[in-house]
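We did not get these values from a lab; they are worked out from the coordinates using the rules stated. Source: prediction; values computed, not measured. A quick note on method: Cβ atoms are made from the backbone with ideal geometry, for glycine too, and the neighbour counts reach across all protein chains shown.
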Amino acid sequence: MSKITRKQVVNAVLQLLRQAETELPEDVLSALKSALETESNQIARTQLSQMMENAELAKKHGTPMCQDTGTPVFFVEVGYDAEIDFDLMSAIQDGVAKATKEIPLRHNAVHPITRESSENELMDVNLSLVKGDKVKITVAPKGSGSENMSALRMFNPSEIKHIKHFILETVKNAGGKSCPPIIVGVGIGGTFDGAAKLAKKALLRRLDKPKDEFELELLDSINSLGLGPMGLGGNTTAMAVNVEYGSCHTASLPVAVNMQCWAARRASITLED
Amino acid sequence: MEHRLTTPLSENDVIKLIAGDVVYLNGIIITARDKAHDRLLQWSREGKKIPFDLEGATIYHCGPLMRKKTALAAGPTTSARMSKMTTELLKRFDIRAIIGKGGMNITEALRDKCVYLAYTGGCGSTAAKQIKRVVGNYWADLGMAESVWVLEVENFGPLIVATDAHNNDLFDKVQKKADQQMKKLK
C-alpha cells in the first residue's frame with residue numbers, strides 16, 4: 001500500500017509541465033539532428049537548424065519552446081493498491097493552474113461558441129487502473145496547429161486497403177500547417193472515440209522504439225511526398241508513424257490520424273510513498 | 001538570395017523578393033490573429049479609426065506568450081485560418097508583408113503589393129529573442145494571445161519568402177509535387 005498525497009500530485013504536475021514545455025525530449029532532438037544530417041534541401045535545412053536552436057534556447061532560459069503551450073493531455077495510471085484520499089482531478093487542475101502562473105503558460109481555454117475565455121484551465125485527463133501501488137503521470141502538451149489537422153473516418157470493413165491512402169491524404173492536406181517534421185499517430189479499430197484515443201496514445205511512443213513493417217512503409221510513403229520541414233519542401237515530412245490497434249465491432253473499421261508537430265513535448269513521473 | 005530589410009517596407013522592397021529568398025527584418029511588426037482580423041475588418045467597414053498604423057505594415061500571425069511586457073515565446077500561428085479575412089484586409093490597408101506559418105493560398109490577393117514570409121513554426125524562443133521591445137499593446141480586451149502587439153524586432157528570421165508578389169507560391173509548388181507522388185503511390 002502506497003499513500004499518495006495531494007501535494008505530491010500538484011507538485012508533480014507543475015514539475016512535469018515545466019519539463020515538457022521547456023525541454024524537447026532527447027529522442028526527438030536526435031531525430032531532428034539526424035534529419036538535418038540527411039536533408040539536402042537548403043530551405044529545409046534552415047528550418048531544422050532553427051528548430052534545434054529554438055530547443056536549445058528554451059532549455060537554457062527555462063521558457064516554453066512554443067507560445068502555443070497547448071492542451072495538457074494527461075495519462076494517469078493509478079495502481080489498484082495506491083491509497084488516494086483526495087480528489088485527484090482537482091489536484092491535477094490545481095497543478096495546471098500553478099504551472100500556468102509560474103512557468104508561465106498561455107491561458108488557452110475558451111467557450112467553444114462564444115469564444116470567451118474560460119475560467120478553468122484547459123486539460124484532458126485519461127485515467128486507467130493498473131497493477132501495483134504507484135501512480136504514474138504522463139503529460140503531453142498538445143499544440144493546436146497539428147491537432148487541427150487530425151482526422152477520423154469510419155470505414156467499411158471491406159475498405160481495409162483504403163487505410164493507407166487516408167493516412168497519406170491527411171498528412172498531405174495538412175502540408176506545413178501541422179509543423180512538420182511530424183509524428184503521425186494512427187489508431188485503427190476500437191470505437192469512434194476509442195480510435196482517436198489510440199491515435200493519441202500512439203504519439204507517446206519514443207521515437208527510438210522499433211517499428212513494424214506497416215509503420216515503416218507508411219513513413220517511407222509520407223516522406224516521398226516531399227512536403228518537408230514546415231511544408232516548404234524536403235525529404236523530412238515525418239519523423240515516425242506509430243500505429244496502435246484495438247479490437248472493433250465486426251461491422252466497423254474506425255481509423256484515426258492524430259498529428260503531432262515537431263515540438264513533441266512529453267514528460268512522465270512515477271509517484272510512490 | 002538573402003535580404004536584410006527595415007520596416008515599413010516599400011512597394012519596391014517587396015517587388016524585389018522572389019519565392020525561396022531568405023529575409024531578416026528589422027523594425028516594427030504587428031501581431032494579429034483571428035479576433036484582431038475580425039475587429040480590424042469590422043472597424044474599417046464602419047469607418048472607425050484603427051489605433052495603430054497599418055501603412056506599409058508587416059502583419060505577424062502570432063499569439064505570443066508574454067510576461068508583462070516581455071515576450072517569452074512568440075512564434076507564428078497557422079496563417080490559413082486568416083486567409084479569407086486577409087483578402088479583404090489587403091484591399092482596405094496597404095499591408096506589405098505577412099509573416100506566419102503554413103501558407104495562405106492567396107497568391108492573387110498578394111500580387112504586386114505584398115509578400116508572405118514563413119517563420120519556422122514552433123520556434124517561440126528564437127522569435128522572442130529577436131524581439132527587442134514591446135512598443136504597444138492594443139485591444140487588450142481580446143486577451144494575451146488575440147490582442148495586437150506592436151513589436152520592435154532585430155534580425156527577425158530567417159524568414160522564407162514563401163509567396164512572392166509575382167504569383168509564385170512555394171507551398172503550392174510543394175503540394176502539386178505531393179499530388180503527383182500520391183498518384184504514383186496508389
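Structure above, values below:
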| item | result |
| --- | --- |
| Residues B:Trp43, A:Trp262, B:Trp149, B:Trp139, sorted so that the one with the fewest Cβ neighbours within 10 Å comes first | B:Trp43, B:Trp139, B:Trp149, A:Trp262 |
| For B:Cys123, A:Cys261, order by how many other beta-carbon atoms lie within 10 Å, fewest first | A:Cys261, B:Cys123 |
| Disulfide-incompatible cysteines by the Cβ rule (no partner under 4.7 Å) in chain A | A:Cys66, A:Cys248 |
| HN-Hα J in Hz across region A:68-82 - Karplus 6.51, -1.76, 1.60, θ = phi - 60°, x for Gly and Pro | 7, 6, x, 9, x, 9, 9, 10, 10, 9, 9, x, 3, 9, 7 |
| Average silhouette area of the protein assembly as shown, convex hull of alpha-carbon atoms, in square nanometres | 22.3 |
| Solution diffusion estimate, µm²/s, Stokes-Einstein, region B:2-185, Kirkwood Rh from C-alpha pairs, 4 °C, viscosity 1.567 mPa s | 79 |
| Descending principal axes extents, region B:1-52, alpha-carbon based, whole Å | 41, 19, 18 |
| Structure-based [θ]222 nm, chain B - -39500 (n - 2.57) summed over DSSP H runs of at least 4, per residue, nearest 500 | -8000 deg cm²/dmol |
| Fraction of antiparallel bridges per DSSP, the protein assembly as shown only, in percent to nearest 5 | 60 |
| Folded to 0 to 90 degrees: helix A:42-61 orientation relative to chain A principal axis, Cα | 10 |
| Helical mean residue ellipticity (222 nm; -39500 (n - 2.57) per DSSP H run of 4+; nearest 500) of chain A | -12000 deg cm²/dmol |
| Segments A:16-27, A:239-250 sorted - mean Cβ within 10 Å per residue, highest first | A:16-27, A:239-250 |
| Inverse of mean 1/r across different Cα pairs in region A:145-260, Kirkwood, Å | 13.8 |
| Of every Cα-Cα pair in region B:98-186, the percent that sits beyond 19 Å | 56 |
| Estimated D of region A:9-91 in µm² per second, where Rh is the Kirkwood radius over Cα pairs and Stokes-Einstein applies at 37 °C, 0.692 mPa s | 213 |
| Cut-off under 5 Å, modelled amide H: who pairs with B:Ile99 long-range | B:Ile59, B:Tyr60, B:His61, B:Leu117 |
| Estimated vicinal HN-Hα couplings, Hz - region B:53-69 in sequence order (Karplus 6.51, -1.76, 1.60; Gly, Pro = x) | 8, 10, 5, x, 6, 10, 8, 10, 6, 7, x, x, 9, 10, 10, 6, 10 |
| Assigned charges on the beta-carbon of Lys, Arg, Asp, Glu; chain A dipole about Cα centre (debye) | 320 |
| Alpha-carbon centroid distance for the pair region A:230-272 / region B:47-66, whole angstrom | 36 |
| Pairwise centroid distance, computed over Cα atoms, of region B:131-167 with region A:145-185, Å | 31 |
| Average partner coverage of A:217-227, which counts Cβ from other chains inside 10 Å | 3 |
| Distant-in-sequence amide H partners of A:Glu23 (H built 1.01 Å from N, under 5 Å) | none |
| Highest-MSF residue in chain A out of A:Thr191, A:Thr71, A:Thr114 [GNM, Cα springs under 10 Å] | A:Thr114 |
| For A:50-62, mean number of other protein chain Cβ atoms within 10 Å | 5 |
| Least to most buried among B:Tyr119, B:Tyr138 (fewest other Cβ within 10 Å first) | B:Tyr138, B:Tyr119 |
| Antiparallel content of DSSP bridges confined to region A:145-260, in %, to 5 | 60 |
| Derived scalar couplings ³J(HN,Hα) [region B:173-186; Karplus, 6.51 cos²θ - 1.76 cosθ + 1.60; whole Hz; x for Gly, Pro] | 4, 5, 4, 5, 4, 5, 4, 4, 5, 4, 4, 5, 6, 4 |
